[in-house]
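Some notes on the structure that comes next.
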Amino acid sequence: MRDSIIIVSSFVLGVLLILFNLLPDIFYSYNYSDISNFLLYILLFFVGVGVGLDKSIIQTIKNLNRKLLILPIVSYLSTIVGAIIGFYILDLFNIYSLNLKEVITIDSGMGYYSITAILISQEWGAELGSIALIVNLMREIFTILFAPFLSKFFGKFAITVSAGATAIDTSLPMIIKNDGNSMFPIAAYCGMFFTIIVPLLISLLLSI
């Protein structure tokens, strides 16, 4: 829980400092997308080193339970169930007028916000594309911020299921940190699965 508090506090602090212009002017001139990518590459490098130093990782892969191959499917179905529940809640309180197909398609991005936003923007316009971007980006942020909580209260597969497509990159360090090196092959498999499937799935849903 301490890690979650530190991560959430750091995120909120960064947002507040920018919103209230409390940082020196030099901070507003950086391209933070490039900096974030660079730091992510370094972080993933050290994750790789840590996994490589774990001599049991090869045996873990060999002993991988074949039933875990359906984990991405469980993750997707859970997401769709949540999307349908969310749709009826929004509809009940008349919060936003999205139809069920739009809700399911947006949530089918599984955290792969870049390609999901582009595909939906091309077909349904910039407004829904922006919603798709925010929804899937928030999935990634939620997974990273609450990873320790997810692992502690929902089990060792919870972070990977929540991460979706980001299990192979941005969420991977948190998966390894909280659930151990043995989760690397499972997380990598889930992340790669969604990275390949999501563009095809979104295109299919948009064409229906």
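The numbers here are math on the coordinates, done by the rules we state, and not lab data. Remember, predicted model here, so these are calculated numbers, not experimental data. Note that each Cβ is placed from the backbone with ideal geometry, even for glycine, and that neighbours are counted across all protein chains shown.
A few points about this structure:
- Between 136, 181, 65, the GNM of the chain built on Cα springs shorter than 10 angstrom shows 65 fluctuating the most.
- Residues residue 141 and residue 101, FRET efficiency given R0 of 30 Å [Cβ-Cβ distance, rounded to 0.05]: 0.75
- Proximal aspartates and glutamates to residue 152, defined as alpha-carbon separation beneath 18 angstrom and excluding residues fewer than eight positions away on the same chain: 3, 179
- Here's the picture: charge each Lys and Arg Cβ at +1 and each Asp and Glu Cβ at -1 in the chain, and of 121, 18, 41 the one pushed furthest to the positive end of that dipole is 41.
- Protection proxy ranking of 147-157, 106-116 - average other beta-carbon atoms within 10 Å, highest first: 106-116, 147-157
- Among complete DSSP H helices in the chain, those whose alpha-carbon atoms stretch at least 18 Å along the helix's long axis and whose mean Kyte-Doolittle hydropathy reaches -1.0 are 2-19, 32-53, 71-92, 126-145, 184-207.
- Entries in 101/177; 67/156; 67/177 that, when Cα-Cα distance is taken, lie over 26 Å: 101/177
- A helix-only calculation puts the chain at -24000 deg cm²/dmol for mean residue ellipticity at 222 nm, using -39500 (n - 2.57) for each DSSP H run of at least four residues, averaged over all residues.
- Stokes-Einstein D for the range 98-182, Kirkwood Rh over Cα pairs, 25 °C, 0.890 mPa s (µm²/s): 186 µm²/s
- Residue among 70, 197, 144 with the largest mean-square fluctuation in a Gaussian network model of the chain, springs linking Cα atoms under 10 Å: 70
- Convex hull of Cα atoms in the chain, direction-averaged projection (nm²): 13.8 nm²
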